[in-house]
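As structure tokens, the structure follows; a few thoughts come after it.
The values are calculated or read from the model by the stated rules, or taken from the named source; none is laboratory data. Just so we're clear, the structure is a prediction, and the values are computed from it rather than from any experiment. All Cβ positions, glycine included, derive from the backbone under ideal geometry; neighbour counts span all protein chains shown. Each accessible area value is taken on the protein alone, full model and side chains, heavy atoms only, with ligands, DNA and RNA left out. Shrake-Rupley method; radii C 1.70, N 1.55, O 1.52, S 1.80 Å.
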Amino acid sequence: MRFELNCMAALSGLASTQAFATVASGAVAARPLPVNPVSGGSVMQMLAGLILVVALIFFLAWALKRFTGLPGQHNSMRVVASLSLSARERLVLVQAGEQQLLLGVAPGRVNLIEKYEQPLIESGAAAGDFAAKLQQALSNKGAK
């Protein structure tokens, strides 16, 4: 029987020398008890790591938003008013320095419709007056 055990161990290649010696001698090796992977400590460690990663993501998003002082950015350019013409097209009045630009915005393009040296709408004016002021400015342009 010992010869058969030696042949099986050599052919299969699965048994190590120590395991073969244990089987040949007839002694039973004590197996270590399996460790429970879902213990209270490991769950707490996983939750702490998860909270740390989420907090780091929020901190980086806040820092990026706060400290994006890219060169060339100016506060002198802003949207004064906007009027939706259809689902995908709109008129936008943009303050650029001392001038106001009336832009037609559509998917894939922006067209300059009119450039105003004098402000068409003051920055403190209500946005609901934009359509009336635009109509008035366009009618004044046609009268010239």
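Among the numbered conditions (1) open to solvent by 90 Å² or more (accessible area, probe 1.4 Å); (2) modelled with pLDDT of 75 or more; (3) among the aliphatic types (A, V, I, L, M), the only one that residue 70 does not meet is (2). Taking the criterion of being at pLDDT 80 or above and outside any loop (DSSP other than H, G, I, E, B), the residues of segment 104-138 that qualify are 104, 105, 106, 109, 110, 111, 112, 113, 114, 115, 116. Checking each residue in segment 78-103 for being surrounded by 14 or more Cβ atoms within 10 Å (Cβ to Cβ) and outside any strand (DSSP E or B) picks out no residue at all.
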